[in-house]
1. Measure nothing fancy, just the Cα-based angle from helix 306-319's long axis to the longest principal axis of the chain, in degrees from 0 to 90, nearest 10.
2. Taking a cut-off of 31 Å, what percent of all Cα-Cα pairs in region 9-229 are separated by more than that?
3. Please identify, among Thr86, Thr154, Thr191, the residue showing maximal mean-square fluctuation in a Gaussian network model of the chain using a 10 angstrom Cα cutoff.
4. If you average 1/r over every pair of different alpha-carbon atoms in region 126-172 and take one over that average, what Kirkwood value in Å do you get?
5. State, as an integer percentage, the relative contact order of region 243-286 based on alpha-carbon contacts under 8 Å between residues 6 or more apart.
6. Suppose every Lys and Arg Cβ carries +1 and every Asp and Glu Cβ carries -1, with no other charges. What dipole size does region 235-386 come out with about its Cα centre, to the nearest 20 debye?
7. With an 8 Å Cα cut-off and a minimum separation of 6 or more residues, compute the relative contact order for the chain in percent.
8. Could you tell me how many cubic angstrom of Cα convex hull volume region 215-372 has per residue?
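The values are calculated or read from the model by the stated rules, or taken from the named source; none is laboratory data. Fair warning: this is a prediction, and the values are worked out from it, not measured in the lab. All Cβ positions, glycine included, derive from the backbone under ideal geometry; neighbour counts span all protein chains shown. Please note that ligands, DNA and RNA were not included when accessible areas were found on the heavy atoms of the full protein model with its side chains. Shrake-Rupley method; radii C 1.70, N 1.55, O 1.52, S 1.80 Å.
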Amino acid sequence: MSIIPVPRVAIIVVAAGSGTRLGAGAPKAFVGLAGRTILSHALERVFQTKEPCQVIVVAPAGLEGEAEADIASVAGDRRELARVVTGGATRQESVSRGLGALWGDVDTVLVHDAARALVPAAMIDRVIDAVRATGHAIIPVMPVVDTIKRVDGTVITAAVDRSELAAAQTPQGFRRDVLLTAYQAVGDDFTDDAALMQAAGHTVLTVEGDAMGFKITTPADLERAKAALAPVTPRIGVGTDVHAFGGDGTLWLAGLEWPGEQALSGHSDGDAASHAIVDALLSAAGLGDIGTHFGTARPEFAGAHADVFLAETRRLVEQAGYRIGNVSVQIQAARPKFSPRREEAQRVLSQILGAPVSVAATTTDGLGFVGEGAGVQVFAIAALLPR
Ligand code: CTP
Ligand code: MG
């Protein structure tokens, strides 16, 4: 077992709200998201910070046990660094209770909303680093993209210059002593800790937030979180091609020219590997096959090499809303001896397609038309992902 150093940073995860606006029939942090609670998603990321931190989960009264279970499910070897305390009637009160559970060696405190369940660990690290580097209060922010108006009821009273605005996220980070003093000094209820710190007269600086730092407040936000977590199903396609030896000039295979080797015959350069890849990609995208796009009716492709076919195929699949995940190719050929140039072929094809292409080659033990040296046969499989 690894020995975990005594934490200098604590993260208070406030999860004691009721989730009135979400209206999901349970306190918000315990509402389901992709088969787990919202809280467990937030904690999973909190436990992935570069340095192990003390983690204080502030839970609604009566749900402390559930919070413990969520910790146990995602903390891994940081389990001993986490505690649950019971929350209060307002967010500020809940944070205050969390502050009461800080360990002695902690000098930096982050306060994080469980409702921002998808905040990546890298953003938490960014806040910790900025508190250390500046000594000031730090909040992650996102630029405001909407045009903002000041309103009085249904009447617009003024335009607001959005370049002066930023949307605040959590975790927000502070020096422990400064935050504790501010919490003792203020009376009003603030919606976040940065507002409280500013009211107490402290400088608050920003770091870059993250698009995944949005707060789950309404049912639409929960849908957005579900969509962000949904597994992506790749679209798979298969392609094969066969060409006979006996063409003019030198051999072209897998995007490479092979001086001294007998050429393959075909409408283009006879490169069965690139043609199999084209079919696999088009099939994965549901765009027909090589004949649909590069048939003999297109004389401009006569004699063309892999770079032309593959670049055009890549353009077609990207235009259809996909990006190439990877391609796997297997060449069956008695000649040429492929292995000395296998990596070169992978490099060339990967470069054209902008995705990893792996190429394998085999003989057929003298069997069949391949074994007789009459031609080559190629199989390719491609995976496409949404762009
Ligand atoms: N929070 C808390 N204790 C409270 C109120 C809020 O710990 N008494 C926490 C929430 O659990 C949430 C964060 O503060 O993680 C931000 O609050 P908000 O999004 O407003 O959550 P809720 O108060 O639960 O939601 P609502 O306002 O819709 O009831
Ligand atoms: Mg609230």
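1. Helix 306-319 sits at roughly 40 degrees to that axis.
2. On the way: 4309 of 24310 pairs.
When all Cα pairs of region 9-229 are counted, 18 percent exceed 31 Å.
3. Of Thr86, Thr154, Thr191, the most mobile in the Gaussian network model is Thr154.
4. Here the Kirkwood hydrodynamic radius works out to 12.8 Å.
5. In percent, rounded to a whole number, it is 36.
6. 420 debye
7. After rounding, I find 14 percent.
8. In region 215-372, the Cα hull volume divided by residue count equals 136 Å³.
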